[in-house]
Amino acid sequence: MEDPKSTGSKSASSRAELAREKRMKSIEEEAKKQAEKEAKKANEKKGKRWIKIGTTILVIALALLIFFFSFFGVFDRQGHAIKYKDGSHAKVTGAEYEYYYRMYYNYYANLSEQYEQQYSNYFGPGSGKSMTGFDYEKKPSEQKFKSPQGQNETVPKKYGANPTWADYFEYKAIEDSESSAKVYKIAEKKGYKLTKSEQKQLDDFIAELKDSAKQNEYSLDAFLRSNYGRGMTEKLLRKIYTKQTITQRYLNDQKAKFESKVTPSEMKKEFKNNSKDYTTISVRYYQISDTIAASKAEKMSKSQKNKINAKNKKKAAAFVAKATDANFSELASQYATGTEKSSVKSDASYTTLGDTTYSSLSSYITPKAADWAFAKSTKVGDKKVFAKTDSNGLTSYAVVLLSQGQTTDNSYPVAVRQILVKSGTDSSTGETVRSDKAAKALADKILQKYQSGKHTEAAFSALAKKYTEDDGSKENGGLYEDVTPDSQYVTSFKNWALGGHAVGDVAIIKTEYGYHIMYYVGKSQYPKYMEDVKDAVANKKYDAWYNKIVNKDKAKVSKSWLKKVRRRVDKSAETLIANLNSQQQQSVQSYGAY
């Protein structure tokens with residue numbers, strides 16, 4: 001039998017042990033829970049850290065993607081620079097708008113530089129700017145707009161009293177891209193598509209661009225971006241070319257329709273109301289001025305300019321006092337300089353504006369000179385001086401003498417078709433095309449094809465489209481219209497055309513270009529001046545029709561795109577100017593080395 005005391009002691013010991021085990025178990029469970037909490041927190045921190053890293057990577061990737069899209073012009077091809085309220089016309093993308101803007105900038109910059117190179121030796125530095133109004137050595141936004149010589153270009157009043165060339169480029173780019181989009185949509189609905197000839201011209205154009213890109217070690221798209229804007233691609237350029245070509249052909253077709261519907265009574269009324277637009281006069285003309293470079297004139301004082309102007313005014317007064325038709329060349333030679341002196345004296349054409357129109361005289365001299373010369377009160381032999389002051393404050397004085405009064409061109413224009421077979425050397429390439437004998441044999445063979453078939457204009461036109469080597473008339477079947485004694489064609493061609501043939505007459509003639517198979521289409525119904533009247537009536541109707549189309553559904557223009565394109569072209573101009581300056585410095589250094 002166990003000792004009761006020992007049993008109680010053992011039970012107490014067991015209870016203590018159980019309690020200890022329970023505490024240990026509780027501590028372990030608490031430690032486990034704490035460990036789980038710590039692990040959870042660590043996992044949460046790790047997850048947050050990866051989220052932060054992932055977000056950073058995503059932001060960088062997104063930024064790179066945006067840069068990629070921007071650099072390669074994706075946004076330019078998708079974003080819209082011009083939209084239309086009723087949505088009836090195709091929208092103009094930023095890339096298309098930039099193409100038109102750059103088209104104008106490139107044209108005037110290249111033309112200004114070309115004129116500078118050609119005429120600066122004769123008229124002094126600044127000739128390019130003087131003749132075009134545009135300074136290719138300045139950014140468009142930094143120079144005031146000035147209409148080119150002989151043109152009457154203006155900028156809308158919304159651009160302010162002193163518009164810049166950037167304003168002009170913007171205005172023209174909006175106008176052209178908007179009208180092209182609207183007219184093309186109509187032509188497209190009427191089933192207009194590129195002809196085979198037009199498609200070939202497009203393919204040839206792209207091929208030339210690829211060759212240029214290769215020579216400059218560019219890919220085609222990189223070359224296009226550098227010349228036409230960031231969003232330009234071959235696909236987009238083809239689209240724009242197609243749109244422009246189809247639009248122009250559709251407009252030409254519409255103009256022809258208006259011309260065919262002009263009535264004699266409409267022509268008579270037009271001539272009565274605007275006779276000076278269809279008559280010509282002849283004047284003797286010489287301008288007295290000092291050839292001073294624009295850059296030099298800008299630095300001259302007002303008193304210096306006044307002194308020069310007064311001197312030239314006095315010369316003009318002395319000139320006009322003595323001038324007659326007979327002595328005009330002699331007097332002009334006294335004021336001429338250099339090589340011009342002998343030319344003016346020996347050749348009356350240097351001081352003659354023959355058979356000139358009111359508009360030509362107005363733009364060439366001044367509107368006041370045109371008003372005076374065409375006034376009924378002005379008689380043959382009358383003379384007068386007309387002053388014109390340029391933007392630098394220098395005045396030129398034009399001595400004008402009326403040598404022939406108003407007259408009309410009563411010759412009857414004729415129309416012919418031709419198939420050209422070239423011979424000898426191609427003037428553009430310097431390569432021998434074919435021998436004279438081979439060219440004549442081929443011309444005879446083509447003529448035989450015509451004579452053995454239907455003797456119709458349509459049949460001849462079809463042969464011309466197939467065989468002629470005259471690219472300028474190939475598409476329209478070799479057609480040349482409005483041939484008159486004043487036309488600037490080679491003598492043999494013009495003489496045959498005006499030789500008084502019957503409709504349908506054919507013949508082979510020879511010129512410096514090769515052999516021409518000629519077909520006489522016929523003579524105009526009206527003399528030349530009345531044909532001009534007819535064209536004017538048709539043009540007024542056409543203009544009304546055209547303005548109605550382009551002014552319908554007014555466009556909403558994106559100001560942000562306009563600003564963006566301005567900045568880009570100004571940046572391109574900066575690069576061009578920097579390159580020009582670098583070339584000039586290298587040229588000077590090279591010259592100095594000698």
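The values are calculated or read from the model by the stated rules, or taken from the named source; none is laboratory data. What you see is a predicted model, and the numbers here were worked out from it, not measured in a lab. All Cβ positions, even for glycine, are placed from backbone atoms using ideal geometry, and neighbour counts span all protein chains on display. Note: areas computed on protein heavy atoms with side chains; ligands, DNA, RNA excluded. Shrake-Rupley method; radii C 1.70, N 1.55, O 1.52, S 1.80 Å.
Give the shape of the range 189-248 as rounded, prolate or oblate, defined through the alpha-carbon gyration tensor: a ≥ b ≥ c are the square roots of its eigenvalues, a/c under 1.5 means rounded, and otherwise the shape is prolate if a/b is larger than b/c and oblate if not. All intermediate terms of the calculation are to be shown ahead of the outcome.
Numbers: a/c = 3.71, a/b = 1.84, b/c = 2.01.
Oblate, because a/c is 1.5 or more while a/b does not exceed b/c.
In whole Hz and in residue order, list the ³J(HN,Hα) couplings for the range 275-290 that follow from phi through the Karplus curve 6.51 cos²θ - 1.76 cosθ + 1.60, θ = phi - 60°; x for Gly and Pro.
4, 5, 7, 10, 10, 10, 9, 10, 10, 8, 8, 8, 9, 9, 6, 9
Rolling a 1.4 Å sphere over the protein heavy atoms, what is the accessible area per residue of the range 79-210, to the nearest Å²?
51 Å²
Of all accessible surface on the range 507-582 at a 1.4 Å probe, what whole percent is carbon and sulfur? Can you show the working numbers first?
Details: 2080 of 4060 Å².
C and S fraction of accessible area: 51 percent.
Once you sort the root eigenvalues of the Cα gyration tensor of the range 122-220 as a ≥ b ≥ c, which label holds: rounded (a/c under 1.5), prolate (a/b larger than b/c) or oblate (the other case)? Spell out each step's value before the answer.
Details: a/c = 2.47, a/b = 1.37, b/c = 1.80.
Note, shape of the range 122-220 comes out oblate.
When ligands, DNA and RNA are left out and all protein chains stay put, how many square angstrom of accessible area per residue does the range 361-477 have with a 1.4 Å probe?
Numbers: 6230 Å² over 117 residues.
Ligands and nucleic acids excluded, the figure is 53 Å² per residue.
Considering Cα pairs under 8 angstrom that are at least six residues apart, work out the relative contact order of the range 456-572 and quote it in whole percent. Present the calculation step by step, with values, prior to reporting the outcome.
On the way: 70 pairs, mean separation 16.4, N = 117.
Across the range 456-572, relative contact order equals 14 percent.
Classify the range 290-345 as rounded, prolate or oblate from the Cα gyration tensor: take a ≥ b ≥ c as the square roots of its eigenvalues, call it rounded if a/c is under 1.5, otherwise prolate when a/b beats b/c and oblate if not.
Details: a/c = 4.70, a/b = 1.73, b/c = 2.72.
Because a/c hits 1.5 or more and a/b fails to exceed b/c, the range 290-345 counts as oblate.
Over 25 Å between C-alpha atoms is what I'm after, so list which of K193/K540; K302/K388; K214/K465; K139/K210; K172/K255 land there. Before the final figure, lay out the partial values.
Numbers: K193/K540 27 Å; K302/K388 17 Å; K214/K465 33 Å; K139/K210 29 Å; K172/K255 22 Å.
In this structure, K193/K540; K214/K465; K139/K210 lie more than 25 Å apart at Cα.
Amide H of Q404: which non-local residues (sequence gap of 5 or more, or other chain) have their own amide H closer than 5 Å, using H built in the peptide plane?
Sorted by chain and number, the residues that satisfy this are S282.
Select from Y450, G500, Q404 the residue farthest towards the positive end of the dipole of the range 393-546; place +1 on Cβ of Lys and Arg, -1 on Cβ of Asp and Glu, and compute about the Cα centre.
In the range 393-546, that residue is Y450.
From Cα coordinates alone, what are the radius of gyration and Dmax values for the range 434-548 in angstrom?
My reading of the Cα-based Rg and Dmax gives 16.8, 56 Å.
Principal axis extents for the range 444-499, Cα atoms only, whole Å, descending order, please.
Result, largest extent first: 35, 23, 18 Å.
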